[in-house]
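Down below is the structure, laid out as C-alpha cells.
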Amino acid sequence: MPSERERMLAGELYLSTDPELVAARLRARRLLQAYNASAPDEADRRRALLAELFGQLKGRVEIEPPFFCDYGTNIEAGDNLYMNFGCVVLDSARVSFGVNVMLGPAVQIYAATHPTDPVIRRTGRELAAPVIIGDDVWIGGGAIICPGVRIGAGSTIAAGSVVTRDIPPGVIAAGNPCRVLRRVE
C-alpha cells in the first residue's frame with residue numbers, strides 16, 4: 001500500500017497530517033528559519049542551506065529572504081534562479097525551475113490544492129499537481145501560479161497575474177485569469 005507521501009507525489013488524495021509528512025514540513029521550517037535569519041553576506045551558508053532543503057540545486061541560485069516552502073525536497077532549481085523577497089512555493093508535488101528563471105517579489109507557486117467537492121474536502125485529504133517553469137522565464141511580482149501549470153521557455157508572466165492553465169513558450173501573458181497577450185518578438 002502506498003504511503004501518504006507516495007500518494008501526494010502521485011497526485012492522489014493524501015493526508016497531510018501523516019507523521020512522515022509532518023516531520024518533513026518541520027524539517028523544512030527549521031532550514032527556512034536558518035535561511036531567513038542569515039545575513040546578506042553569508043552566501044556560502046545560504047547555498048548550503050538551500051542544498052540541504054531542495055531536492056535539486058544546480059549552479060547559481062539566489063533567493064532573497066524571507067522565502068517559504070512546504071517541503072523543499074520537491075523543488076528542482078536550475079542554474080541562475082533568482083527569487084526576490086517574499087516568495088512562496090507550496091511544493092506538495094514537484095516544482096521545477098529551468099535555467100535563467102527570475103521571480104519578482106511575493107510570487108506564489110502552488111502545487112498544493114484541495115478537492116472541490118466539500119464532502120471529500122471534509123475528510124482532510126488534499127491533492128497536489130506539479131508546476132513546471134521552463135528556461136528563461138520571468139514571473140512578475142505578486143503573480144500566482146496554480147497547481148498543474150506549465151510555463152513555456154522564454155515566456156514572461158506580468159505582475160499580479162493568476163496563472164490557472166499552461167502558458168506556451170515565447171509569449172507575454174497577463175491577467176486574472178492569465179492569458180497570452182502576444183508572442184515575444
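Please treat every number below as a calculation from the coordinates, not as lab data. Since this is a predicted model, take the numbers as computed values, not measurements. Cβ: placed from backbone, ideal geometry, glycine included. Neighbour counts: every protein chain shown.
Overall size of the chain from C-alpha positions, given as principal axis extents largest first: 50, 42, 23 Å. Distance between Cα centroids, the stretch 78-105 to the stretch 123-185: provide it in whole Å. With the stretch 78-105 and the stretch 123-185 each reduced to a Cα centre, they are spaced 12 Å. Pick out, in residue order, every one of the chymotrypsin sites (Phe, Trp or Tyr not before Pro) in the stretch 95-171 that is DSSP loop and has at most 11 other C-beta atoms within 10 Å; say none if there are none. Here no loop site has a sparse enough neighbourhood. When DSSP beta bridges are restricted to pairs lying wholly in the stretch 4-183, around 20% turn out antiparallel.
Computed over the chain with a Gaussian network model linking Cα atoms closer than 10 Å, the most mobile of 149, 162, 22 is 22.
For the options 66, 147, 130, a Gaussian network treatment of the chain with springs between C-alpha atoms closer than 10 Å singles out 66 as fluctuating the most.
Build a GNM of the chain with springs between Cα atoms under 10 Å apart, and of 112, 28, 37 the one that fluctuates most is 37. For the pair residue 185 and residue 56, a Förster radius of 30 Å applied to the C-beta separation gives a FRET efficiency near 0.35, rounded to the nearest 0.05. Loop-located GluC sites (Glu not before Pro) in the stretch 1-92 (DSSP state not H, G, I, E or B) with no more than 16 neighbouring Cβ atoms inside 10 Å: 12, 42.
Counted by Cβ distance under 13 Å from residue 53, the other residues give a net charge of +3, where Lys and Arg count +1 and Asp and Glu count -1. For a modelled paramagnetic label at residue 27, 7 Å from Cα along Cα-to-Cβ, the residues of the stretch 56-83 in reach, with backbone nitrogen under 19 Å, are 56-58, 68-77.
This model, with +1 at the C-beta of Lys and Arg and -1 at the C-beta of Asp and Glu, gives the stretch 4-183 a dipole about its Cα centre of some 360 debye. Per-residue ellipticity at 222 nm, computed for the chain from helices alone with -39500 (n - 2.57) per DSSP H run of at least four residues, works out to -6500 deg cm²/dmol. The smallest convex shape that holds all Cα atoms of the stretch 109-163, its convex hull, gives 70 Å³ per residue. Positive end of the dipole of the chain (Cβ unit charges, origin at the Cα centre): among 83, 115, 53, the Cα lying farthest that way belongs to 115. For residue 162, nonlocal amide neighbours, meaning residues 5 or more places apart or on other chains whose placed amide H falls under 5 Å from its own, are 144, 175, 176, 178. Multiplying the residue separation of residue 12 and residue 121 by 0.36 nm and subtracting their alpha-carbon distance yields 37.9 nm. Each listed q (0.17 Å⁻¹) maps to a log10 I(q)/I(0) for the stretch 1-99 from the Debye sum over equal C-alpha point scatterers, namely -0.74.
The ranking of 102, 1, 8, 83 from fewest to most other beta carbons within 10 Å of each one's beta carbon is 1, 102, 83, 8.
For residue 95, what charge total do you get from the other residues with a beta carbon under 10 Å from its beta carbon, if Lys and Arg give +1 and Asp and Glu give -1? The answer is -2.
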